[in-house]
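Okay, structure first, notes after.
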Amino acid sequence: MKLKEIQNLIKFVAKSGASEVKLEMDDVKITIKTGTEDGKDKTTYIQQVPTMAAQPQQVAPSAAPQQAEASAPAADSKELAGDDDSKYITVKSPIIGTFYRKPSPDKPVFIEVGDTIKEGDVLCVIEAMKLFNEIESEVSGKIVKVLVDDASPVEFDQPLFLVDPS
């Protein structure tokens with residue numbers, strides 16, 4: 001995670017009034033805690049811990065699906081295991097904000113169901129604190145389903161798209 005992204009996250013958490021936010025990504029775990037004492041002192045604590053334990057267990061022929069599977073929490077794996085969606089990779093929101101499928105109202109959508117994507121393709125934008133963040137794909141494959149309506153609020157780690165990696 002880049003320093004600028006961490007700084008933006010800290011600002012967003014401070015403005016939101018949340019007291020604690022935990023963020024886990026492929027190789028980093030960040031906890032941001034904010035607190036006030038007597039209404040005078042506002043402190044932000046950041047703890048960054050490398051999470052190397054999950055990586056040695058991954059054995060797969062292509063690197064792109066490994067990244068998406070490593071970032072998927074165990075709860076989602078259990079949810080999808082019963083469905084026929086278990087063969088798909090879930091692209092999740094990296095931030096809290098408003099989800100948009102188009103770069104602007106007068107432009108076409110970034111991707112449609114059935115489109116083939118590759119790593120680095122822009123899938124959508126998420127607006128957070130008046131900043132429009134392009135969300136790029138970390139996997140290659142075919143878009144199977146769009147899970148969020150345009151102009152809807154999204155939470156961190158909320159599923160946005162299902163991608164067929166085959």
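Read-outs throughout are calculated quantities, based only on the coordinates presented, and are distinct from any laboratory measurement. Since we're looking at a predicted model, the values are computed, not measured. Counting neighbours? That spans all protein chains shown, and the Cβs are built from the backbone with ideal geometry, glycine included.
Structure above, values below:
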read-out: Cα-projected label distance for GLU134 with THR31, points at 7 Å along beta-carbon direction, nm; value: 3.6
read-out: Under-5 Å amide H pairs with GLU136, H placed in peptide plane, nonlocal only; value: LEU123
read-out: Distant-in-sequence amide H partners of ILE96 (H built 1.01 Å from N, under 5 Å); value: PHE156
read-out: Table column - 3J(HN,Hα) (Hz), segment 10-23, Karplus curve with 6.51, -1.76, 1.60, x for Gly and Pro; value: 4, 4, 5, 5, 4, 5, 6, x, 5, 8, 7, 9, 10, 10
read-out: Other-chain or far-sequence residues with amide H under 5 Å of VAL28's (modelled H); value: THR51
read-out: GLU127 paired with LYS142, simple spin-label distance in nm, labels 7 Å along Cα-to-beta-carbon; value: 3.4
read-out: Residues LYS118 and LYS11, FRET efficiency given R0 of 30 Å [Cβ-Cβ distance, rounded to 0.05]; value: 0.40
read-out: Whole-Hz ³J(HN,Hα) from phi, Karplus 6.51 cos²θ - 1.76 cosθ + 1.60, for segment 137-145, glycine and proline x; value: 6, 9, 9, 10, x, 10, 5, 9, 7
